[in-house]
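Here the structure comes first, spelled out in structure tokens, and everything after it is commentary.
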Amino acid sequence: MNNFLLLPIIIPFFFGMILMFGQKNLKYQRTFALLGIGLALVSAISLLLKVKNDGVQKITFGDWPVPYGITMVSDMVSALLVTTTLLITFFVVWYGFGSITKERERFFYYPGIMFILTGVNGAFTTGDIFNLFVFFEVLLMSSYLLIVLGGEKQQLMGSIKYILINVISSALFVITVAFLYSVVGTLNMADIAVKIGEIDQPGIVTVIAVLFLMVFGLKAAIFPLYFWLPTSYAAAPIPVLTLFGALLTKVGIYAITRTYTLFFVYDLSYTHDLLMALAIATIIAGCIGALAYFDVKLIIIYNIVIAVGVILFGVSQMNEIALKGAMFYLIHDMLIKAALFMLIGIVIYITGTSDLRKMGGLMKKYPALGWFYLIAAFGLAGIPPLSGFVGKLLIVQGGFQAGSMWSSIFILASSLLVLLSVIRIFLYAFWGEEKETKGTVDKKVYTTLFVPTVLVVLITVAYGVGSEWLTPFMDDAAKLLNDPSIYIDAVMKGD
Amino acid sequence: MKTNDVILQFTAKIVFFIIFFFSIHIFMAGHYTPGGGFVGGLLTSSAIVLLVLAFDLNTVRTVLPFNYTYLTATGLLLALATAAFPMFKGKPFFTHYFDYFDLPLIGKQSLHTAMLFDGGVYLVVVGVTMTIIQTIGEDE
């Protein structure tokens, strides 16, 4: 029994309500939004350390015995993700002061972010499959608000697709949970894992596994199901796009990882091979998209799709090294995607366009921006010692260990395409002839955008250089993912 | 456009109270029998919608001068406070307390903290429904 692990969920929720009062007062909104995220971040970091020292933390609501009540479980995987989420959101909200329009800020932008945090952190923490659905809905509702906020034509076109897709996938999610419930008769995730082990994986469980892959795959944007993502995300303003790109697909990845390492571990030759094939197809599709467009937003958005493929490839290998790599790469990707989106946000602000062919020569006037972009681009591609390197190395190592020789080599090769796609932005936007810029650059706004961005880039650098210190945390996470009995024992046995 | 809807307006005034008190009854019935904050809230808002249909948005706004956004936020706060209260007593989140009390007029009754939570839900449902209806109704 330990209420402490709920704080990263409750604090944003509470501040979300507080922010609903006094929506016209900008100063009040901004101060309390940052304060709330800051407090939640502090509690998340102390939770992370507590999980490191004392092992898996759990609480069952309302003093009910375990498989009957709703359990919240904070293990290393979820504690790491919750902390990263809050860290990124803190900087994105700060960045938003210079980027989001005042009308949006006055119309529930900050409460929207707070409720999205509640949903994301809740989804990372919950130990009950139906509750996972509930938290998904919380984050989806708030993301609907954030994506339509502003009501520009492009936004409305992007959001109708987004909302339709998510409504359908939510319905499918409930159906799948009902299927699973009818087979195993429980909703507690640890209990489900035990019961599936007992019934010896009949065909229906494989069907459920594939259905879950479809549901979460729609959210995580894996190969055939990513079609909605580019246009919908590109419609949102930059801070919202950053939040979506850094957080929302990752919730889908987390859900796939959790179910595929905890429940469906008895028919690996079918479920995990399918996952691997889809992961590789996702990388190919993402690479094609990233190289095909001249729109900076779309290039980075397709890079989200590539990263999804890489992480899920690591998950599909199901050995400790690959899972550790997947964890490393997951956190890296959240940080680096936030950094890249924030950087291209600044580029778009300066040039007033998102079309690469209309940009050029920014290096002369904004050398610092150019260098930081280059660092982030190298970090994304995984040039050592920057942050993408360790994760990808471990994933490939795990792939070799599991005998997936060619696909691992393919993952390595895809890094080059990733590098090419982001360097293209550097070549077009920062080098070359200086071109007329349409946007008017306000020095003060520029600083508000630049400072948080630099801090995020520095964090990603620290994440790469300091991966030595993070290894113990990742080791714990990988061990837990590789051996479901640790999770099950922690939830099912006593307080 | 002005139509002669005396009968509608006269009936609505009376029926509003019937629906409203029935929604309170449903709300109170919630713990052991069907009902509760969500259904009660929907019924109440349907009563208010009836008034909106019979009169118009501005009239109803002067009669019931609530800020429905604040109402939603207050409801959420009430629900969260009820759920979080046990945390300060070292019990898990959402722990439920109840006991029997002898109340004047209605005799021995059981009182639950779940009712406070339900009250929060009730306010949220009324707040959200009315916000939606006002927003749609305002468009010319």
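The values are calculated or read from the model by the stated rules, or taken from the named source; none is laboratory data. Keep in mind the model is a prediction, meaning the values are calculated, not measured. FYI the Cβ positions are ideal-geometry reconstructions off the backbone, even for glycines, and counts take in every protein chain you see.
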| Sole exception among (1) under 12 Å from the mean Cα position of the chain (by Cα); (2) of a type outside the set (S, T, N, Q); (3) closer than 28 Å to A:L6 by Cα for B:L76, by number | (1)
| remark: Within segment B:1-39, residues outside any helix (DSSP H, G or I) and surrounded by 13 or more Cβ atoms within 10 Å (Cβ to Cβ) come out as B:D5, B:G30, B:H31, B:G35, B:G36
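Which residue out of A:Q23, A:Q29 is over 18 Å from A:V138 (Cα atoms) and in a loop (DSSP other than H, G, I, E, B)?
Residue meeting the stated conditions: A:Q23.
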| Does at least one position in segment A:47-58 carry a residue that is surrounded by 17 or more Cβ atoms within 10 Å (Cβ to Cβ), among the charged types (D, E, K, R) and farther than 29 Å from A:V491 by Cα? | no
| query | How many residues are part of a loop (DSSP other than H, G, I, E, B) and touching a helix residue (DSSP H, G or I) at 6+ places or on another chain (Cβ under 8 Å) if we restrict to segment B:91-107? | reply | 7
| task | Could you tell me whether any residue of segment A:82-92 is within 14 Å of chain B (Cβ to nearest Cβ) and either among the polar types (S, T, N, Q) or surrounded by 20 or more Cβ atoms within 10 Å (Cβ to Cβ) (or both)? | result | no
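Scan segment B:110-129 and tell me whether some residue there is aromatic (F, W, Y) and away from chain A (no Cβ under 14 Å). Break it down stepwise before answering.
Of the residues in segment B:110-129, the ones aromatic (F, W, Y) are B:117, B:122.
Remaining after also requiring away from chain A (no Cβ under 14 Å): B:122.
Yes, segment B:110-129 contains a residue that is aromatic (F, W, Y) and away from chain A (no Cβ under 14 Å).
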| query | Out of all the residues in segment B:75-104, which are more than 8 Å from chain A (Cβ to nearest Cβ) and of a type in the set (F, W, Y)? | reply | B:F85, B:F88, B:Y97, B:F98, B:Y100, B:F101
| query | Got a sec? Which of A:A209, A:A190 is in a helix (DSSP H, G or I) and within 24 Å of A:T60 (Cβ to Cβ)? | reply | A:A190
| remark: Residues in segment B:87-101 that are in contact with a Phe, Trp or Tyr (Cβ under 7 Å, 6 or more places away or on another chain) and either modelled with pLDDT under 85 or under 19 Å from A:P65 (Cβ atoms) (or both) total 3
| query | Only one of A:V251, A:V205, A:V194, A:V265 is within 21 Å of A:I300 (Cα to Cα) and not polar (S, T, N, Q); which? | reply | A:V251
| query | Is it the case that B:A54 is hydrophobic (A, V, I, L, M, F, W, C) and over 27 Å from A:P111 (Cβ atoms)? | reply | yes
| task | Take segment A:18-52 and flag every residue that is touching a residue at least 24 places away in the same chain (Cβ under 8 Å) and within 14 Å of chain B (Cβ to nearest Cβ). | result | A:L19, A:M20, A:Q23, A:K24, A:Q29, A:F32, A:G36, A:S43
| task | Quickly run through segment B:59-74 and pick out the residues that are more than 9 Å from chain A (Cβ to nearest Cβ) and either touching a helix residue (DSSP H, G or I) at 6+ places or on another chain (Cβ under 6 Å) or within 17 Å of B:K13 (Cβ to Cβ) (or both). | result | B:T59, B:V60, B:R61, B:T62, B:V63, B:L64, B:Y68, B:L71
| request: Collect the residues in segment A:418-445 that are farther than 10 Å from A:G360 by Cβ and aromatic (F, W, Y), keeping them in residue-number order. | output: A:F426
